[in-house]
Amino acid sequence: MHSCEATRLVLAIDSAIKQFWPTCRSAQSDFQASTFGSDIPLIDSDKVTGHTQGEPIGLVIIEVSQERLLSMEIIIQENYTAISQQAAALIADAVRSRPTTVLGLATGSTPLGLYQELIRLHQEDGLDFSQVTTFNLDEYVGLAADHPQSYHYFMHDNLFRHINVPAANIHIPDGTTGDARAFCESYEQLIASSGGIDLQVLGIGSDGHIAFNEPGSSLDSRTRVETLAKQTIEDNARFFASADAVPIHAITMGVGTILDARKIILLANGANKAPAVAAAAEGPVSSICTASALQNHPDTIFFLDPEAASQLQKTNG
Ligand code: F6R
């Protein structure tokens with residue numbers, strides 16, 4: 001299951017050498033066949049920034065992109081602390097190398113260790129979030145921001161009040177909006193106008209959901225109101241006085257919204273997540289387990305403890 005990377009080249013060819021291209025191509029055939037495969041796309045040199053038309057440029061590599069041949073990387077660590085620390089280190093690297101990183105964030109029990117580690121990195125190592133923008137995956141419909149079980153409250157309590165993301169850069173769906181449809185459209189637009197999500201953090205539901213995309217959600221879905229599955233209501237009852245107190249609806253980013261993120265990390269720990277993790281990583285891509293859509297994402301990493309990984313066939317076999 002470990003990913004294998006291939007490099008895709010796009011070559012620019014100037015009209016001056018276009019006529020010789022078959023020769024150039026065959027002269028490089030060994031290199032191409034062994035390293036990159038034979039199908040290298042060509043574009044004309046007038047698409048190359050800074051090139052003056054008419055000046056020969058020969059062959060110029062204008063784009064090198066990483067493309068995974070296998071869809072996801074599975075990293076199994078010895079325990080929850082280790083997956084939390086490794087995921088936090090990855091986020092810290094992203095923020096250090098690009099201070100304006102746009103993060104997609106999750107709530108629930110799973111990312112708590114990750115958030116504690118990010119807080120430690122901020123407080124002890126000076127990890128700076130002052131230019132970071134965040135978008136949360138979801139929020140319960142009907143819960144105001146100051147409700148102790150709202151995801152607004154959770155995020156402020158467990159992360160934001162301990163680090164220095166500016167309040168104006170924090171985005172969480174509004175569970176009390178009077179016009180959910182308009183709100184969801186504007187949330188999508190806000191993500192797009194922020195440049196898209198660079199790094200999305202996910203947990204996984206025991207029914208295989210990501211965000212609140214419950215079984216049966218379209219794998220193309222966008223931000224919308226979703227009805228929570230019975231399983232999710234039972235799972236999340238632990239945060240409320242009873243299952244009856246768990247809201248029935250949530251505003252959630254769609255599977256399609258999540259797949260637009262440039263990089264995705266999914267964390268899972270505990271044996272109760274093992275069937276969902278196996279279905280997500282090794283089952284068919286299906287709306288029955290919306291996390292399985294991550295198999296079609298070019299840059300996804302699962303961080304798992306041994307219990308959550310225990311039903312993976314390819315990794316364990
Ligand atoms: C939360 C979210 C959910 C959770 C999932 C797992 O924002 O989007 O998909 O990640 O329900 O929850 P925990 O981590 O509590 O097991």
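Values in this text are rule-based calculations from the coordinates and carry no lab data. Keep in mind that what you see is a predicted model, and the values were worked out from it rather than measured. Cβ sites come from the backbone with ideal geometry, for glycine too, and all protein chains shown count toward neighbours.
For segment 72-316, just say rounded, prolate or oblate: build the C-alpha gyration tensor, square-root its eigenvalues into a ≥ b ≥ c, call rounded for a/c under 1.5, and beyond that prolate if a/b exceeds b/c, oblate if not. Rounded, since a/c falls under 1.5.
Roughly what would the spin-label model give for residue 262 and residue 167, points 7 Å off Cα along C-beta, in nm? In this crude label model, residue 262 to residue 167 measures out at 2.9 nm.
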